[in-house]
Amino acid sequence: MLEKIKAVLEEIEAFDAKTLEEAEAFRVRMLAKKGLISALFNDFKTVDPAHRKAIGQQLNELKQTATEKIRTIKSRLEAEAGQGAEDKKQPDMSMPAVFDPVGSRHPLSIIRNKINTIFEKIGFVVSEGPEIEDDWHNFSALNFPEDHPARDMQDTFFVEKNPDIALRTHTSSVQVRVMETQKPPIRTISPGRVFRNEAISARAHCIFHQVEGLYIDEGVSFADMKQCLLYFAREMFGAGTEIRLRPSFFPFTEPSAEMDVSCSICGGPGCTVCKYSGWIEVLGCGMVDPNVLDNCHIDSRKYTGFAFGMGIERIAMIIYQIKDLRMFFENDLRFLRQFTSAM
Ligand code: DAH
């Protein structure tokens, strides 16, 4: 009997468990009704009364040792498991980062920023004006005589009951505001939203965007304008780009011209973008009409200057080969996600 007790005691002392399941299995092996220690208690009934006291004491100690050992192991394993759960709540700093999608810039913003940057490099300063304009800044100061058919060129949204106030039809209105408040030399570009009462189609919209340019100083010539616009065209459409100026008419410039750039898509021989002409029209320009300078209190005998205006949608459509202008305004994420820019 003593031998058996000793053997079980040694097993208890040697025992350790890595999991709670192992510890429980050991408890069953030792202490359950059919376990080793219970069996020893059964055997105890047959022990000689002379040795009962000593053996009984050893048996009780054995049972206590087993109970104590299993309890200690179980509570240690439980603490470790709890600690594990605690560890999981802490962020694991060694994990690769998960980035939230950050969206992309609108193609019109990308092109506007690019135009701004190109002109800023040669000393132009960005200026802005209001989208709701009065007749003076949108038309009269720009040499549109009242009731002159030139006003029909642009289908204007007037504010109800006040024919003097309208949504600006072009960013040329900002020229006037700059000239009224600044003295030459003036070099400014004015990007902004404009409005015209036009039917919406693949080529036209009632809301679109323009960039206006203005350069006023002593002795500014048509040749200066040509060089400035050639620089712009090459920065915007590529180093090999050529420009072509065709005579045109605007009330606020004299002489006036329209500028074409050589087709950057086909490089000359003709394609659907340039309509097989090799040239794409990109902007209107001209020497600021002396009447406009005088209207803005700039001495037209001393100063000359040039101005130009272009549609941002038009430039973006050429650069990105977008065939339908309405896509810019639909906010379809599948369309917008295609554009990326650091600007
Ligand atoms: N304002 C004109 C338009 O909206 C564009 C334009 C043409 C602006 C010639 C200019 C210019 O400054 O010189 O169609």
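A short reminder: the numbers here are calculations on the coordinates, not readings from a lab. Worth saying up front: this structure is predicted, and the values here are computed from it rather than measured. In this analysis, Cβ positions are derived from the backbone assuming ideal geometry, glycine residues included, and neighbour counts consider all displayed protein chains.
Taking the chain as a Gaussian network, Cα atoms linked when under 10 Å apart, which of S109, S38, S262 shows the biggest mean-square fluctuation?
Looking only at S109, S38, S262, the largest GNM fluctuation is found for S38.
How charged is the neighbourhood of E13? Take every other residue with its Cβ under 13 Å from the Cβ of E13, and add Lys/Arg as +1 and Asp/Glu as -1.
With Lys, Arg at +1 and Asp, Glu at -1, the net is -3.
Going through the cross-link list K45/K74; K121/K275; K114/K275; K161/K183; K114/K302; K33/K74, which pairs have a Cα-Cα distance over 28 Å in this structure?
Beyond 28 Å between Cα atoms: K45/K74; K121/K275; K161/K183; K114/K302.
Tell me the chymotrypsin sites (Phe, Trp or Tyr not before Pro) within region 266-341 that lie in a loop according to DSSP and have at most 15 other beta-carbon atoms within 10 Å.
Loop-located and lightly packed - Y276.
Counting only DSSP beta bridges with both residues in the chain, tell me the antiparallel percent, nearest 5.
95
For V125, what residues show an amide H to amide H distance below 5 Å, using hydrogens built from the backbone and excluding near sequence neighbours?
Under 5 Å from the amide H of V125: R187, T188, I189.
Name the long-range amide H neighbours of H170: under 5 Å, sequence gap of 5 or more, or other chain; modelled H, no Pro or chain starts.
For H170, whose amide H was placed from the backbone, the distant partners under 5 Å are F195.
How far is the Cα center of region 2-34 from the Cα center of region 93-160, in Å?
Each part reduced to its Cα centre gives a spacing of 84 Å.
Extent of the chain along each principal axis, from alpha carbon coordinates, in Å, largest to smallest?
Dimensions of the chain along the principal axes of its Cα atoms: 138, 51, 39 Å.
Can you pull out the GluC sites (Glu not before Pro) in region 240-300 that DSSP calls coil and that have at most 11 other Cβ atoms within 10 Å?
When the GluC sites (Glu not before Pro) of region 240-300 are filtered for loop state and at most 11 Cβ neighbours within 10 Å, nothing remains.
Convex hull volume of the Cα atoms in region 51-112, per residue, in Å³?
About 82 Å³ per residue, rounded to a whole number.
Span-like helices, the chain: DSSP H, alpha-carbon axial extent 20 Å or more, mean Kyte-Doolittle 0.5 or greater, which ones?
Within the chain not a single helix satisfies the rule.
Which chymotrypsin sites (Phe, Trp or Tyr not before Pro) from region 1-82 combine a DSSP loop assignment with at most 16 other Cβ atoms within 10 Å?
Counting only loop positions with at most 16 other Cβ atoms within 10 Å, the chymotrypsin sites (Phe, Trp or Tyr not before Pro) in region 1-82 are F15.
When the chain is modelled as a GNM with alpha-carbon springs shorter than 10 Å, which of T156, T169, T65 fluctuates the most?
T65
Over the residues of region 179-219, compute the C-alpha Rg and express it relative to 2.2 N^0.38 Å.
In units of the 2.2 N^0.38 Å rule of thumb, it is 1.67.
What order do you get for 171-179, 195-203 when each peptide is scored by the mean count of other beta carbon atoms within 10 Å, highest first?
By packing density, highest mean first, the sequence is 171-179, 195-203.
Could you work out which residue, out of N162, N143, N116, moves most in a Gaussian network model of the chain, that is, has the largest mean-square fluctuation with Cα springs under 10 Å?
N162
How far apart, in nm, are the 7 Å Cα→Cβ label points at I319 and E128?
The answer from the label model is 1.9 nm.
With a Cα-only, solvent-free Debye model of region 93-151, what are the log10 I(q)/I(0) values at q = 0.21, 0.22 Å⁻¹?
Here the Debye-derived log intensity ratios amount to -0.93, -0.94.
Let me know the charge dipole size of region 107-339 about its Cα centre in debye, to the nearest 20, where only the beta-carbon of Lys, Arg (+1) and Asp, Glu (-1) is charged.
For this selection, approximately 1000 debye.
Report the percentage of all Cα-Cα pairs in region 2-88 whose separation exceeds 20 Å, rounded to a whole percent.
For region 2-88, the fraction of Cα-Cα distances above 20 Å is 41 percent.
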